Amino acid sequence: MAEPQTELPPRPARPSRNPMDRFIDGIELVAAFFVGVVAIDIFVSVLLRYFFSVQIPDSYDFGRLLLGILIFWGIAATSYRGTHITVDLVYANVGARMKRFIDVFATLVLLFVVTVQTYTLFDKVTSTYAENLATFDLRLPVWPFYLVAWIGDVSAVLLIAVRTYRLIFHPELIGGQYQIKPVE
């Protein structure tokens, strides 16, 4: 005897995501990927060194360069969401209008600083390319690592600019920005 078929409940519709939100999610995904790459590099290097007395060629250089990439992509990932560690002594004790002013001012300062940083990092990419710097063991060129880090920094500038625009013209798109979450 055949069992009666039951219908599955309809899946809830996914909220439509605009291209900018998908871009932001993509930046965060790339940052997460580099966290994984750095973790795998460190884990495998320690495992091989400890149990087999073997070292991956250029493991120190790769770890150092990948950590630099991770830092710049991490700046991109945390700059838009505002999920980095903050000290909000003044912020927690002012009204909503002043909080918005502080947010806009702080984001503009961050935009300026990261833009200058991006400019100087591009200079580092071009000088590293011109000097033909390479890793110690495998003699791999270093400039592509610097370039990937610079692209992360450019992404940070773009996301901070989007955050600034949204804070000024569409603060409702930032989502829950004004909720203070105390550390316990």
Residue check for Phe51: of a type outside the set (Val, Ile, Thr) and modelled with pLDDT of 90 or more: yes
Verdict on Thr78 being farther than 30 Å from Gln55 by Cβ, modelled with pLDDT of 95 or more and part of a helix (DSSP H, G or I): no
Residues of segment 152-173 satisfying the condition of being among the β-branched types (Val, Ile, Thr) and either closer than 14 Å to Val116 by Cα or crowded, with 16+ Cβ neighbours inside 10 Å (or both): Val154, Val157, Ile160, Val162, Thr164
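Yes/no matrix, rows are residues, columns are (1) assigned to a helix (DSSP H, G or I); (2) among the β-branched types (Val, Ile, Thr); (3) touching a helix residue (DSSP H, G or I) at 6+ places or on another chain (Cβ under 8 Å); (4) on the phi < 0 side of the Ramachandran plot:
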residue: Asp137; (1), (2), (3), (4): no, no, yes, yes
residue: Phe145; (1), (2), (3), (4): yes, no, yes, yes
residue: Trp150; (1), (2), (3), (4): yes, no, yes, yes
residue: Asp153; (1), (2), (3), (4): yes, no, yes, yes
residue: Tyr165; (1), (2), (3), (4): yes, no, no, yes
Qualifying residue in segment 124-134 (condition: in contact with a Leu (Cβ under 9 Å, 6 or more places away or on another chain) and either modelled with pLDDT under 95 or in a strand (DSSP E or B) (or both)): yes
Residue that is modelled with the lowest pLDDT [pool: residues in segment 84-97 that are surrounded by 10 or more Cβ atoms within 10 Å (Cβ to Cβ) and in a loop (DSSP other than H, G, I, E, B)]: His84
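The values are calculated or read from the model by the stated rules, or taken from the named source; none is laboratory data. On a predicted model such as this, the values are computed, not experimentally measured, just so you know. Every residue, glycine as well, gets a Cβ built from its backbone with ideal geometry; the counts of neighbours run over all protein chains shown.
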